Every structure is written in structure tokens, then in C-alpha cells.
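The structure appears right after this line, and notes come after that.
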Amino acid sequence: MTAADIERHEQVLSQFAEVYCRQVHPGEGDDLCAHCRDLLAYAHQRLVKCPFDPKPKCKDCKVHCYQSDYRDRMREVMRFSGMYFVKRGRLDWLIRYFMM
């Protein structure tokens, strides 16, 4: 996986995590809460270590490298943020997510 691919994936994950954290964990200011920072750091770790090239969508991957609790948390973030973007007309982010 190239550095540009990793950066693109990280950008999408960051945007989804920011929306989720801002809406679900209010009062944390502009920064992510510790819970969401931990999830994002874990996702970055998994992304860098992904052995597949090109990287498949995690939901379609045969090898689930996320621990089950992190996988559940990421699924919740993606589900919540995806609906947030749809409701606000930001389909471009969803298209990026599904095209990865």
C-alpha cells in the first residue's frame, strides 16, 4: 500500500471519527476524546500493517485484523457518521468510503 493510499484512508477515517466524536461525545472541544483518539490510532496501526495490496474494504476482508471490540466500535462510528453525511447531503464522503 502506498503512502498516498494510507493518507487517503486516514483522512476518511479521521473525518468519520470527528463527526462521531463531536455528536456522540459532546463537550470535548475541537479535539477527539480519548476513546476516539484510541480508536483512530488503532485503525492507523491496522491500516499500516495491512498485508493486502490493494487493500480491500474491511467489511469484505477475509482476514479480520481488528480485535472484536475495536471492530464493533469502528462499525458504530462508520454507521453513525455515514448516516450523518447522508442526511446532510455529503454523499462525496460516502462515495470515497465505498470506493476504497
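Laboratory data are not the source of any read-out in this text; all were calculated from the coordinates shown. Note that the structure is predicted; figures quoted are calculated from it, not measured. Glycine gets a Cβ as well: all are built from the backbone with ideal geometry, and neighbour counts include every protein chain shown.
Summary of values
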item	result
Residue within the stretch 15-31 that is part of a helix (DSSP H, G or I) and in contact with a His (Cβ under 7 Å, 6 or more places away or on another chain) present	no
Residue in the stretch 69-78 that is assigned to a helix (DSSP H, G or I), in contact (Cβ under 8 Å) with a residue 60 or more places away in the chain and under 18 Å from residue 95 (Cα atoms) present	yes
Residue match in the stretch 19-36 (condition: without any contact (Cβ under 8 Å) to a residue 60 or more places away in the chain and under 10 Å from the mean Cα position of the chain (by Cα))	no
Any hit, the stretch 22-37, residues being within 23 Å of residue 95 (Cβ to Cβ), surrounded by 15 or more Cβ atoms within 10 Å (Cβ to Cβ) and touching a helix residue (DSSP H, G or I) at 6+ places or on another chain (Cβ under 9 Å)	no
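Condition check ((1) of a type in the set (Phe, Trp, Tyr); (2) more than 19 Å from residue 3 (Cβ to Cβ); (3) in contact with an Asp or Glu (Cβ under 7 Å, 6 or more places away or on another chain); (4) not in a helix (DSSP H, G or I)) across all residues:
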{"site": "40", "(1), (2), (3), (4)": "no, no, no, no"}
{"site": "44", "(1), (2), (3), (4)": "no, no, yes, no"}
{"site": "52", "(1), (2), (3), (4)": "yes, no, no, yes"}
{"site": "65", "(1), (2), (3), (4)": "no, yes, no, yes"}
